[in-house]
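Below you'll find the structure, written out as C-alpha cells, and then a few comments.
The values are calculated or read from the model by the stated rules, or taken from the named source; none is laboratory data. On a predicted model such as this, the values are computed, not experimentally measured, just so you know. Because the Cβ atoms are built from the backbone with ideal geometry, glycine has one as well, and the counts that use them run over all protein chains shown.
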Amino acid sequence: MRKFTPQSALGYIVLAVFVVLSLLPLWMAIKIGMSYPDDVFTNAERLSTNAFTIGNFLRVMGLPSDIVLTAYRASPIDFMLSLRNSLIYTALTVTGQIFFSALAGYAFARMEFPGRKVVFFAFLAATMIPGIVLFIPNFILIKELGLLNTFAGMVAPSVLMTPFAVFFMRQFFMSAPKELDEAAKLEGASPFQIFWRVALPIQKGPIATLAILLSINSWNEFFWPFLVGRDESVRVMAVALSDFMSQTGKGTPDWTGLMAAITLSIIPVIIMLIVFGRQIVESLQTSGMK
C-alpha cells in the first residue's frame, strides 16, 4: 500500500478541486434540465432548484409531459430521429476511419516501398492545415455530386482516414513482433491476409481505444453536418440541438428543454468513458512510449 503523506493529501485535494470544476457545468445542465421553466432565472446562482421534474426530458423525447410551453414555436426536434442519425453518422465514420487508417498504418510500419518515410511525414504535415480551409472545396464537391442531405455526403470527407489515426495505428504495428508476419509469409499468406489475420487481431486494444476517441469526435461534430445535412431525415444531434435553441419565444430560448436534450445527448459518451476510460489512458501512454 502507498504511504499516505501530506504531499499525497495535497495532491488528492487538488485533483478533487479539478474534478468538481470539471463536473460543475454538467451538473448545471442537469439542474436546469430538471427545473421548471419559471425557476431557471430565479435559481440561477444556486446549485439546486426548488422543485425537480423530469417533464423536460419527457417532452424532448416526444413523450407526454406535464410541462407545456405556449410561448415557443410548436416545432420541437425529433430527439429519437436525431439520436438515430448521430449513431449512423458516427458508426459509418468510425468504421471507415479505423479500417483505412489501420491499412495505412500497417503499410507505413511493415511494408517497404520507395519514399515511405517521405510520404509518411508529408501525410503528418497535413495536420498543420486548418480544417476550415477544406470546408468550401469539400462542400462544392459534395454539391456537384448531388450528395447534399445524405449520409454519404456527410461522411465522405472523413470516412477514409485521419493523420492522427494513421500515426496511432502505425505506432502499435511497429511494436508488434515481426516474427509473426514472417511466419505467415512462409505459410504462403498474402500481404492482405497477414494484415487481416495476423497483425490486426493482436491490436484489439488500440483499435478499441481509437474507436472510442473517433466516436467522441464524430458524435460532437457540428459544422460539417450543419452544412451538408440540414434535412431532418439526416440531421444529427449536434445540429438538432442548435435548431432547438433557435426556437425562441419572446426572445428567450427554451433553456430547460435545451439542457434536458444536451444531458440526454451526452449519456452515450459518458457510458463509453466510464467503461473504456482506463483503456484509453493506457493505450495513449503505450503509444507515447513506443
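Please determine whether any residue of the stretch 125-140 is part of a helix (DSSP H, G or I), farther than 16 Å from F226 by Cα and touching a residue at least 24 places away in the same chain (Cβ under 8 Å). So far as the stretch 125-140 goes, yes, one or more of its residues are part of a helix (DSSP H, G or I), farther than 16 Å from F226 by Cα and touching a residue at least 24 places away in the same chain (Cβ under 8 Å). Listed by first and then second residue, the pairs linking a residue in the stretch 51-65 that is at positive phi to a residue that is surrounded by fewer than 17 Cβ atoms within 10 Å (Cβ to Cβ) and at pLDDT 80 or above, with Cβ atoms under 8 Å apart and 6 or more places separating them unless they lie on different chains, are G62/M80.
Only one residue in F121, F113, F99 is exposed (fewer than 13 other Cβ atoms within 10 Å of the Cβ), of a type in the set (F, W, Y), without any contact (Cβ under 8 Å) to a residue 40 or more places away in the chain and not in a loop (DSSP other than H, G, I, E, B). Which one?
None of the other options fit; the residue is F121.
Residues of the stretch 75-85 that are aliphatic (A, V, I, L, M) and either closer than 26 Å to A199 by Cβ or assigned to a helix (DSSP H, G or I) (or both): M80, L81, L83. What residue, among those in the stretch 260-274 that are modelled with pLDDT under 85 and out of contact with any helix residue (DSSP H, G or I) (no Cβ under 9 Å at 6 or more places or on another chain), is nearest to I54 (Cα to Cα)? Applying the filter and picking the extreme gives I271.
Selection of the stretch 170-185 for residues being in a helix (DSSP H, G or I), surrounded by 16 or more Cβ atoms within 10 Å (Cβ to Cβ), modelled with pLDDT under 90 and among the hydrophobic types (A, V, I, L, M, F, W, C) yields F172, A184. Screening G188, G205 for residues that are out of contact with any strand residue (DSSP E or B) (no Cβ under 7 Å at 6 or more places or on another chain), on the phi > 0 side of the Ramachandran plot and surrounded by fewer than 20 Cβ atoms within 10 Å (Cβ to Cβ) leaves exactly one candidate, G188.
Being at pLDDT below 90, assigned to a helix (DSSP H, G or I) and β-branched (V, I, T) narrows it down to one residue among I88, I32; which is it? The unique qualifying residue is I32.
Residue selection: S242 satisfies the criterion of being surrounded by fewer than 18 Cβ atoms within 10 Å (Cβ to Cβ), modelled with pLDDT under 90, hydroxyl-bearing (S, T, Y) and out of contact with any strand residue (DSSP E or B) (no Cβ under 9 Å at 6 or more places or on another chain). Here A91 meets each of (1) surrounded by fewer than 17 Cβ atoms within 10 Å (Cβ to Cβ); (2) over 30 Å from A199 (Cα atoms) with one exception, condition (2). It is to be established whether one or more residues within the stretch 152-164 are assigned to a loop (DSSP other than H, G, I, E, B), without any contact (Cβ under 8 Å) to a residue 40 or more places away in the chain and under 27 Å from the mean Cα position of the chain (by Cα). Yes, the stretch 152-164 contains a residue that is assigned to a loop (DSSP other than H, G, I, E, B), without any contact (Cβ under 8 Å) to a residue 40 or more places away in the chain and under 27 Å from the mean Cα position of the chain (by Cα).
Could you tell me whether R230 is at pLDDT 90 or above, touching a Leu at 6+ places or on another chain (Cβ under 9 Å) and of a type outside the set (D, E)?
For R230, the condition - at pLDDT 90 or above, touching a Leu at 6+ places or on another chain (Cβ under 9 Å) and of a type outside the set (D, E) - is not met.
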